[in-house]
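Okay, so here's the structure we're looking at.
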Amino acid sequence: MRADAARNRALLLTAAEEAFAEHGMDASVADIAARAGIGKGTVFRHFPTKDDLLAAVMLDRMDALTAAGRGLLESADPGAALLEFLTLAADRQQRNDMTVLQQANAVNARLTEARTAMFTLIDRLVTRARDAGAIRPDITGADVVLLMCAPGHVAGFAPNPVPDLWRRYLSIIFDGLRPAGATPLPIPPPRMG
């Protein structure tokens, strides 16, 4: 990809993420193009439909998070690595609530591959943390996948929440993953994928 095309694509994905966060599926291609400072024709050259653009935003987010997680796999402290990964995920979610991205799941076949890669990575981070005794032995990757969005979601229910309130709930969640004081979980974890 030429440098100007790569730059336009990056601007477009950033603008689309902001627009989808603000307006959901009602975000217009014209608004996204204007935010990116490019023409609508350029948008359609990169992404033939709005669904393709939505899928690309999701893929971009998942790929970035997966890449960051891969870098954490070699950490000397597996518990700290898992917490850092969850912090990165929650921070990214807090900056732009992208609940609308859940609608992109069936839009692009590559999303299934990206989701599988991220779930596999999360499972590896969880296994390392569990093997190191940093988290309780009955915690699975599926448990952590389901808890990833919880800090921002919970903080969103507070009246006039401070910007970093999600960090409080991430700490509570992570403390619940630790083995100290753990009691048996009532049912097995769900299957993911």
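The values are calculated or read from the model by the stated rules, or taken from the named source; none is laboratory data. These numbers were taken from a predicted model, which means no experiment stands behind them. Methodologically, a virtual Cβ is constructed for each residue, glycine included, from the backbone with ideal geometry; neighbour enumeration extends over all protein chains shown. All accessible areas refer to the heavy atoms of the entire protein, side chains included, with ligands and DNA or RNA removed. Shrake-Rupley method; radii C 1.70, N 1.55, O 1.52, S 1.80 Å.
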Phi-derived 3J(HN,Hα) across the stretch 14-28 with the Karplus relation (6.51, -1.76, 1.60, θ = phi - 60°), rounded Hz, x for Gly and Pro, is 5, 5, 5, 4, 5, 5, 5, 5, 7, 10, x, 5, 7, 4, 9
Hey, what do the phi angles of the stretch 43-60 turn into as Karplus ³J(HN,Hα) couplings, whole Hz, using 6.51/-1.76/1.60 and θ = phi - 60°, x for Gly and Pro?
-> 4, 6, 5, 7, 9, x, 9, 5, 4, 5, 5, 4, 4, 5, 4, 5, 4, 4
Count the net charge of all other residues whose Cβ sits under 10 Å from the Cβ of Arg61, scoring Lys and Arg as +1 and Asp and Glu as -1.
-> -2
Leaving ligands, DNA and RNA out of it, work out the accessible area of Asp123 with a 1.4 Å probe and give it in Å² to the nearest 10.
-> 70
The summed charge of the Pro184 Cβ neighbourhood (under 11 Å; Lys/Arg +1, Asp/Glu -1) stands at 0
Computed over the chain: relative contact order in percent, which uses C-alpha pairs under 8 Å that are six or more apart = 20
Give me the net charge of Asp131's neighbourhood, meaning all other residues with Cβ under 15 Å from the Cβ of Asp131; Lys, Arg count +1, Asp, Glu -1.
-> +1
Using the Karplus equation 6.51 cos²θ - 1.76 cosθ + 1.60 (θ = phi - 60°), what ³J(HN,Hα) coupling, rounded to whole Hz, does each residue of the stretch 81-94 give in order, writing x for Gly and Pro?
-> 5, 5, 4, 5, 4, 5, 5, 4, 5, 5, 5, 5, 5, 5
In whole Å, largest first, what are the principal axis extents of the Cα atoms in the stretch 15-83?
-> 48, 23, 20
Distance in nm between pseudo-label sites at Phe157 and Ile172 (7 Å out along the Cβ direction from Cα) | 0.9
Contour minus Cα-Cα span, Ala132 to Asp26, at 0.36 nm per residue, comes to 33.6 nm
Just subtract the alpha-carbon distance of Met192 and Leu73 from 0.36 nm times their residue separation and send over the number in nm, one decimal.
-> 40.8 nm
Take the Cα radius of gyration of the chain and divide it by 2.2 N^0.38 Å, with N its residue count; two decimals is plenty.
-> 1.13
Find how much the distance from Leu185 to Phe44 grows on full extension, using 0.36 nm per residue of separation minus their present alpha carbon separation; answer in nm with one decimal.
-> 45.8 nm
